[in-house]
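Novice: Sharing a structure here in C-alpha cells format.
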Amino acid sequence: MKEIAMFPQARIPYGTWGSSFFPAWQQSALAEVNIGQFAGEAMGRILGQRRVPKSELDYLVIGSTIPWHWKFWNAPLVASCLGERVPGYHLEQACATGLQAVVAAGAEVESGGHETVGVLTFDRTSDSPVGVFPERRSYQRTVPIADVWDNFGFDPATGNAMIQTAGIAARKYKIDRREVDELTLHRTEQYFGAIESGFLDRVLFPLDVLNVQGKPLGRVDSDLGVRPLTLDGLRAMRELDTCVTGGTQTHASDGMACLLVTTEARAKELSPRPEIDIRFLAKTEIRTDPSLMPEAPAIAVQKLLQKTGLGMSDVAVVKNHNPFAVNDAVFAKVLNYDWRDMNRTGCSLVWGHPQGPTLTRILIEAFEEAVDLGGGRVLVFGCAAGDVGIAALFEVSEGGKR
C-alpha cells in the first residue's frame, strides 16, 4: 500500500488539547459571557493544566459560526484573552468548522509559515444573537430579525429546514424508525459509559466563568442538556419528520475546544508522551444532492477511502458529528458498517452541537480512544449545512510503530 501523508511534516502533539463541557439552553454561566473571551481564557487555563507554555504558540486559528461581540477583531483579540499576543485568523464552515480549523493549522505548519499553531474553536449556539441586516434590493430597508435559528429552519437554496433533510434521507434509504430509536439509545449508553469509566475526564475540563471584574459567575462542569433516555420513551415520541423525533436529534449547546499543531520535533518536546505520533493522512469534501445532508458525510467517507485505497476494516476509530440519528443509520447502509462500532465514547447526537467546537471535541475524543487501542487510523467525518460532507483520516502510532 502506498504511503499516505497529507501533511508529512505536521503533527498534533498528544495531550496538548482539551475541551470545555457543552452546556445548553441558557442554563449555565455561559449565557451571560462573551464566548470569544471565554474561549481564549479557557484555552489559556487548559494549556496551563497541560503544562504547555503559551509562549510556544506563534499563530492562532480560531473557528466559530455565531456572531459574538468584537468578532471583527477575531483571532488577535482571542489571542489576547488567551494571554499570548500572536497573529491569526478566523474561519467558519457551519458544522465542519471544528475539523477545517485543524486542517488549516496543519497547512500553516506544513508550509513552514509557522511552527506551533493553536487551534481554538467555540460557539454559543443555544442563545445566539439577533442581527439587523440591510437589504437594499427589498422594499424593506432592513430585515431585523435574523439569527442561526432562522438558518436552521430555512435553506435559501431549497426552502427546506435542516430537520427535513433527515426525513428526506430516511425515506430515500428506507430507514426503519425502530432502528433509529435503538441507535439513539445505544449512543446515549455509550456517552454515559465514557463518563463512568473516566474516559471523558481526559478530554473535558471544568472551567470557571468570570465577569469583567474577574469574579466568578459560575462553573461549567457538565454537558447540561444531555437527557437520559429509554427505549419506551423514544418509541412514544411523535415523529417530526420521517425517523426524526425530539429524542433522535441533537440540541444546540455552547462551549469551546482547543489543540495544538506543530512539527514532528516540537511535538515530541511538547507532549507528555512523546512516543505517540499523530499524523495527518487525508481529507476530502463533497456536495450531494440538495437537502440530503445526512447522506453527504457517508459519500465523503466513500470518496476518502477510494482516494487512499483503504477500507473500513483499515480504520481503528470511527467518530462523526451526527445531528440526527438518521446520519448514522444512513452511514451504516452506505458503507455496510455496523453503527455499534462507531462513536464508542459518545457523540454530538447526545452531548449537543455548539457548531464551531463540535468536530474538534470529536477529534480529541477519537485520538484518546486510538491511544487506548494502542494506535491505528482515525476516521472523523460530519456534515456542513444542507448538503456538504467532510471526512478526514489521521494516524496514531506509538514508539514509531505504524
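Okay, residues lined up against (1) at negative phi; (2) modelled with pLDDT under 95; (3) of a type in the set (S, T, Y):
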{"position": "G193", "(1), (2), (3)": "yes, no, no"}
{"position": "D201", "(1), (2), (3)": "yes, no, no"}
{"position": "P216", "(1), (2), (3)": "yes, yes, no"}
{"position": "D254", "(1), (2), (3)": "yes, yes, no"}
{"position": "L259", "(1), (2), (3)": "yes, no, no"}
{"position": "T262", "(1), (2), (3)": "yes, no, yes"}
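Novice: Please enumerate the residues belonging to the range 163-203 that are assigned to a loop (DSSP other than H, G, I, E, B) and basic (K, R).
Specialist: Within the range 163-203, just K174 meets the criteria.
Novice: Can you find even one residue in the range 204-223 that is buried (at least 20 other Cβ atoms within 10 Å of the Cβ) and part of a helix (DSSP H, G or I)?
Specialist: No - not one qualifying residue is present in the range 204-223.
Novice: Just a yes or no: is a residue in the range 14-23 closer than 30 Å to M162 by Cβ and out of contact with any Gly (no Cβ under 8 Å at 6 or more places or on another chain)?
Specialist: Initially, the range 14-23 is screened for residues closer than 30 Å to M162 by Cβ, giving 17-23.
Cutting the leftovers down to out of contact with any Gly (no Cβ under 8 Å at 6 or more places or on another chain) gives us 17-18.
Checked against the condition, which is being closer than 30 Å to M162 by Cβ and out of contact with any Gly (no Cβ under 8 Å at 6 or more places or on another chain), the range 14-23 yields at least one hit.
Novice: How many residues are charged (D, E, K, R) and under 17 Å from C347 (Cβ atoms) when one looks only at the range 225-261?
Specialist: Of the residues in the range 225-261, the ones charged (D, E, K, R) are 227, 232, 235, 238-239, 241, 254.
Applying the additional criterion that residues be under 17 Å from C347 (Cβ atoms) yields 227.
Looking only at that region, the number is 1.
A quick yes/no check of all residues on (1) touching a Ser or Thr at 6+ places or on another chain (Cβ under 9 Å); (2) not assigned by TED's automatic domain parsing to the domain that holds R340:
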site	(1), (2)
L207	yes, yes
R219	yes, yes
V244	no, yes
G255	yes, yes
A265	no, yes
S291	yes, no
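Novice: Would you confirm, using the coordinates I've provided, whether G374 is over 30 Å from G159 (Cβ atoms) and either outside the structural domain of K283 (by TED's automatic domain parsing) or in a loop (DSSP other than H, G, I, E, B) (or both)?
Specialist: Yes: the conditions hold for G374.
Novice: Looking only at residues that are touching a residue at least 40 places away in the same chain (Cβ under 8 Å) and out of contact with any helix residue (DSSP H, G or I) (no Cβ under 9 Å at 6 or more places or on another chain) in the range 297-315, which one is nearest to P354 (Cα to Cα)?
Specialist: The residue in question is A300.
Novice: Oh, and also: A24 - would you say it is under 13 Å from V78 (Cα atoms), of a type in the set (A, V, I, L, M) and buried (at least 17 other Cβ atoms within 10 Å of the Cβ)?
Specialist: Judged against the criteria, A24 is not a match.
Novice: Working only within the range 283-314, note down all residues that are surrounded by 19 or more Cβ atoms within 10 Å (Cβ to Cβ) and among the aliphatic types (A, V, I, L, M).
Specialist: I286, L292, M293, A296, A298, I299, A300, V301, L304, L305
Novice: Restricting attention to the range 102-117, report how many residues are among the acidic types (D, E) and surrounded by fewer than 21 Cβ atoms within 10 Å (Cβ to Cβ).
Specialist: Within the range 102-117, the first condition is being among the acidic types (D, E), and the residues that meet it are 108, 110, 115.
Narrowing the set further to residues that are surrounded by fewer than 21 Cβ atoms within 10 Å (Cβ to Cβ) leaves 110, 115.
So the count comes out to 2.
Novice: Does any residue of the range 182-193 turn out to be aliphatic (A, V, I, L, M) and under 30 Å from D289 (Cα atoms)?
Specialist: yes
Novice: Looking at (1) of a type outside the set (V, I, T); (2) buried (at least 24 other Cβ atoms within 10 Å of the Cβ); (3) assigned to a loop (DSSP other than H, G, I, E, B), which is the one condition that is false for L120?
Specialist: (3)
Novice: Step by step: first the residues of the range 31-46, then only those that are surrounded by 24 or more Cβ atoms within 10 Å (Cβ to Cβ) and touching a helix residue (DSSP H, G or I) at 6+ places or on another chain (Cβ under 8 Å), then the one that is farthest from P206 (Cα to Cα). Which residue is that?
Specialist: Checking each candidate, the answer is G36.
Novice: While we're looking at this one, here's another question. Quick test for you: out of V378, V318, V326, V396, pick the one residue that is within 19 Å of A252 (Cα to Cα), among the hydrophobic types (A, V, I, L, M, F, W, C) and either buried (at least 23 other Cβ atoms within 10 Å of the Cβ) or in contact (Cβ under 8 Å) with a residue 60 or more places away in the chain (or both). Write out each step before concluding.
Specialist: Details: V378 fails: within 19 Å of A252 (Cα to Cα); V318 fails: within 19 Å of A252 (Cα to Cα); V396 fails: within 19 Å of A252 (Cα to Cα).
Checking each option against the conditions leaves just V326.
Novice: Additional query: Can you pull out every residue in the range 61-87 that is buried (at least 24 other Cβ atoms within 10 Å of the Cβ) and either more than 16 Å from the chain's Cα centre (by Cα) or on the phi > 0 side of the Ramachandran plot (or both)?
Specialist: V78, A79, L82 - these are the residues of the range 61-87 that are buried (at least 24 other Cβ atoms within 10 Å of the Cβ) and either more than 16 Å from the chain's Cα centre (by Cα) or on the phi > 0 side of the Ramachandran plot (or both).
The values are calculated or read from the model by the stated rules, or taken from the named source; none is laboratory data. If you're wondering where the values come from, they're calculated on a predicted model, not measured in any experiment. Using ideal geometry, Cβ is built from the backbone for each residue, glycine included, and neighbour counts are taken over all protein chains shown.
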